[in-house]
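Read through the structure below, which is laid out as structure tokens, and then see the notes.
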Amino acid sequence: MADENPAPAFGGGDVVHRHRLPVRLWHWANAIAVFVMLMSGLMIFNAHPHLYWGQYGANYDHSWLDITPGHLRVGPLTIATPHLLGVQSGGRTVAFPPWATIPSHYDLAGARQWHFAFAWLLVVPGLCFLLWGFIRRHFWRDLAPNRGELTLRHLWHDVRDHARLRFPTGEAARRYNILQKLAYGAVIFVLLPGVVLTGLTMSPAMDAAWPWLLHLFGGRPSARSIHFLCAMGLAAFILIHLLMVALAGPINEVRSMITGRYRLPKEKPE
């Protein structure tokens, strides 16, 4: 029996409601928190620009990553990074330059205060968003990929379209594509929980209360390495996300995340 009230069909040029209010609120709170925490975290990293695996990590232990004056070493690979990493600032060598850190001058104590203060803005709204997403089935309805989307053919088609700057138009633009679903799912369920849990693991007080964290991540030095990798994953996501917003139409995209209203891109003739 046909549906007497079918869902209206939308086409290019129509204005639709794209993002719900909890999604928009969490997006902006998360954006502020992540930016401040990334920049303050880089200042904290400047205090000891070396990363280790295992239970031990100090000046004379074997590290898997070092940032030294003008060089980045990852395992056996050394890359020259003049004027980018390992630069001079305030009479000392720092891993990350002042324009990328909070505070902009070397201040470990100040950076820790910024980092811990904005951690609340990351965690509390994040937990509320997760609770809302599960209760209202947002994750299953909007972010969970179906079998057809996970086929290699479909994935390659989406990658090729994005590489050619061919973005969805009309009705298709109302939904997340498979690359968006995978990226947002990785951020929400892998990278953000990863930075939070590994951050807790680096706290001696939390280790005393929850010793299972040390076993889960293989020690505090390993937790610090995973924390750094998750943070760099978030930074990479932000760069790609901003690039895609700029290429897809920044006014329309940003407006949809402020008001929820989004104008569907018009279909292009074949």
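Observations on the structure shown:
- Here, segment 45-153 has an Rg and a Dmax of 20.5, 57 Å when only alpha carbons are counted.
- Rounded to the nearest whole Hz, the Karplus-based 3J(HN,Hα) values (6.51 cos²θ - 1.76 cosθ + 1.60, θ = phi - 60°) of segment 89-104 follow the sequence 8, x, x, 9, 8, 10, 5, 10, x, x, 5, 9, 10, 10, x, 6, with x at glycine and proline.
- J(HN,Hα) series, segment 160-168, from Karplus relation 6.51 cos²θ - 1.76 cosθ + 1.60, nearest Hz, glycine and proline x: 5, 5, 5, 5, 8, 6, 9, 9, x
- Convex hull volume per residue in cubic angstrom - Cα atoms of the chain: 191 Å³
- Student exercise, the chain dipole from Lys, Arg, Asp, Glu Cβ charges, in Debye to nearest 20: 360 debye
- Extent of segment 154-270 along its three principal axes (Cα atoms, max minus min coordinate, largest first): 62, 33, 19 Å.
- Close amide-amide hydrogen proximity is noted between Gly70 and Gly86, Val87, each under 5 Å apart and 5 or more residues distant or on a separate chain (H modeled in the peptide plane; Pro and chain starts excluded).
- Environment charge at His50 (Cβ cut-off 11 Å; Lys +1, Arg +1, Asp -1, Glu -1): 0
- Once the Cα atoms are used to define both axes, helix 220-248 deviates from the longest principal axis of the chain by about 40 degrees.
- With Cα atoms, 0 to 90° folded angle of helix 250-259 axis to the chain main axis: 90 degrees
- Segment 115-199: translational diffusion in µm²/s, Stokes-Einstein, Kirkwood Rh over Cα pairs, 4 °C, 1.567 mPa s: 88 µm²/s
- For the chain, the per residue solvent-accessible surface stands at 61 Å², with DNA, RNA and ligands left out and a 1.4 Å probe.
- Of Glu253, Glu171, Glu267, the order by accessible heavy-atom surface (1.4 Å probe, DNA, RNA and ligands excluded), from most exposed downward, is Glu267, Glu171, Glu253.
- Carbon + sulfur, % of accessible area of segment 1-154 - ligands and nucleic acids excluded, 1.4 Å: 65 percent
- Ranking by accessible area, most exposed first, for Ser104, Ser63 with a 1.4 Å probe: Ser104, Ser63
- In degrees, nearest ten, helix 192-201 long axis to first principal axis of the chain (Cα): 20 degrees
- Over segment 182-242, the ratio between the Cα radius of gyration and 2.2 N^0.38 Å evaluates to 1.19.
- ³J(HN,Hα) computed for each position of segment 43-55 - Karplus, 6.51 cos²θ - 1.76 cosθ + 1.60, integer Hz, glycine/proline x: 5, 4, 4, 4, 5, 8, x, 9, 10, 9, 10, x, 8
The values are calculated or read from the model by the stated rules, or taken from the named source; none is laboratory data. As the structure is a prediction and not an experimental result, all values here were calculated from the model. Note: ideal-geometry Cβ built from the backbone for every residue, glycine included; neighbour counts use all protein chains shown. Only protein heavy atoms, including side chains, enter the accessible area calculation; ligands, DNA and RNA are left aside. Shrake-Rupley method; radii C 1.70, N 1.55, O 1.52, S 1.80 Å.
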